[in-house]
Structure formats: C-alpha cells, structure tokens
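Worksheet for the structure shown next.
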Amino acid sequence: MPRPFCLILVTLLWLPVVAHTADARPRIHVGYYEFPPYSYTDAQGQPSGSGLELTARLLEEAGYQAEFRSYPGARLYSGLQDGSVQIWPGAPGKQELADHTIEGRHLLGEITLNLYFRPDTPPPRLPDDLQGRGVILITGYSYWQEVNQWLEDPARRITRHRTSNHTSALEMLQRRRGDYLLDYQAPVDQARRILNQEALPFVEVQRLPLRLIFSRHAPDAERLRDDLDRAYQALVEAGEDLWLH
C-alpha cells in the first residue's frame, strides 16, 4: 500500500475517535439574564458578554462544554433551586438561593448598584428622600433585602415605574416619568453610550461581588466548582487577566 494512502487511512480512522472525544466532554448548562455588558443576547441571538466569555473559557480549561440560555430573573433562580441550571455567573447573597447554591472561591469582578437622578435634582439622602417619589426599575431585576424593604415599605409611598431595558429607563428619567432610576452602573454606562447621553449624577447604593454560582442540586456540583476554581487559578498563574470589566 503506498505510504501517502496509509497516512490518509490512519488519519480517517482517527477522525471519529477525535470527534467522539470532543463530543464526550460534559455539557454544562449555564443560565444568565440580560445584564450587558457582562451577559446578554446579541443582535444575532447569540449569548455574549465578558461574564459569559469568562465562564466558557473556564469550562473549556476544565474539560467541559458550555451551553448557555437566557432566562428572566425569577426563572433563572428557579432553575438554580431545582438543578436544571447548573451555573450562573452572578452576584452571591440572594436569600432565596442560600440553601440551594454554592459559590466559586474566586472573585470575578464587581458590580455597583446606583440611584441616578437628573442634574437639576438635589442629591438624595437614602432612604428618606425616596418618600413619596417615583423610582424607575428594570423589569426582571431583583435587589437585595435592604433595598427591597425600602421599595416595598407602604409608609414610604414609593411609586415604582418598570421598564424592560436600560435605554428606555434613561429616557424615562430624562422625560421626568420618574424621579430616580435604580440600576447597575455597567449596563447604564453602555445604554448611555448608545443614547449619546452625558453622565448622570448618582448615589452609590451597594457594591456587589461577581462569582460563579453553582446549583447544589445539579450532578457533581462540588466537583464542578472545584474544577473551575482550579482552572481559574491555573490561568491566573499563567499570566491571564481574568477580572471582568
């Protein structure tokens, strides 16, 4: 048999093995909600954002495949509670998830929750100056216990105006359809650039860490967490900058 043909035959025989090996990597279901620039669905309908890119990179390094799906906030939390969502790159500390999740050991970045106001409005004192005012919120977003207590306290008589995205929220504030906007800094900055809008004054409400959150109810959750922790450490030691921006 001629040598070139032997090489081709050997290569062809190996191809199914290589393909099978690649396909055999465990698929990990990663849930996210629309939180640009960290996690969002782009104009082509594909998952995008620095948080999803980092999650995929860590899974690949650890020998897994990432499978992404966008959810409304409540459905994402439900998936973590029943194990149908294995990983969420998000912020720890949600009370409803405390008994159902474990956290990655590495800090991936930070997000800041701000209360924005128009330049002609005096800086508010929190929470007193929310009394009887209108606050614009993003539909599907939830906040931490103290913030929710402010918003839901009937004695404060806060009117909550909801909208589906950050650009419309900024437009609502500009058109005086609310007194304040409660939103996260990174998506607001991105929306502001889209609208070619100047920076707004704000009061920082809360600074939150970003970590990988794992469902306790998914198979081998602790092993998956440990594998991704090791992958993160290995990449950092190799000189990669993994901090989310």
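The values are calculated or read from the model by the stated rules, or taken from the named source; none is laboratory data. Since the model is a prediction, treat every value here as computed from it, not as a measurement. Virtual Cβ from ideal backbone geometry, glycine too; neighbours counted across all protein chains shown. What goes into the accessible areas is simple: the full protein's heavy atoms, side chains included, and nothing from ligands, DNA or RNA. Shrake-Rupley method; radii C 1.70, N 1.55, O 1.52, S 1.80 Å.
A few notes on this one:
- Here the range 154-245 is treated with +1 on each Lys and Arg Cβ and -1 on each Asp and Glu Cβ, and its dipole about the Cα centre works out to around 880 debye.
- Shape category assigned to the range 41-116 from the gyration tensor of Cα positions, a/c cut at 1.5: rounded
- Cα lying deepest toward the dipole's positive end in the range 66-136, options P89, F68, Y116, charges on Cβ: Y116
- Projected label points at L126 and A238, each 7 Å from Cα along the beta carbon direction, are separated by 3.9 nanometres.
- Protein accessible area in the chain, 1.4 Å probe - carbon and sulfur %: 50
- Sparsely packed loop sites in the range 63-125 (the trypsin sites (Lys or Arg not before Pro) outside DSSP H, G, I, E and B with at most 10 other Cβ atoms within 10 Å) comprise R125.
- Counting heavy atoms of the protein chains alone, F35 has an accessible area of about 20 Å² for a 1.4 Å probe.
- Translational diffusion coefficient of the range 102-144 (Stokes-Einstein, Kirkwood radius from Cα pairs, 25 °C, 0.890 mPa s): 179 µm²/s.
- Packing-based order for 226-239, 129-142, using average beta carbon neighbours within 10 Å, highest first: 129-142, 226-239
- A DSSP coil position with no more than 15 other Cβ atoms inside 10 Å describes the following trypsin sites (Lys or Arg not before Pro) in the range 189-219: R216.
- Taking every protein chain into account, the accessible area of the chain amounts to 54 square angstrom per residue (probe 1.4 Å).
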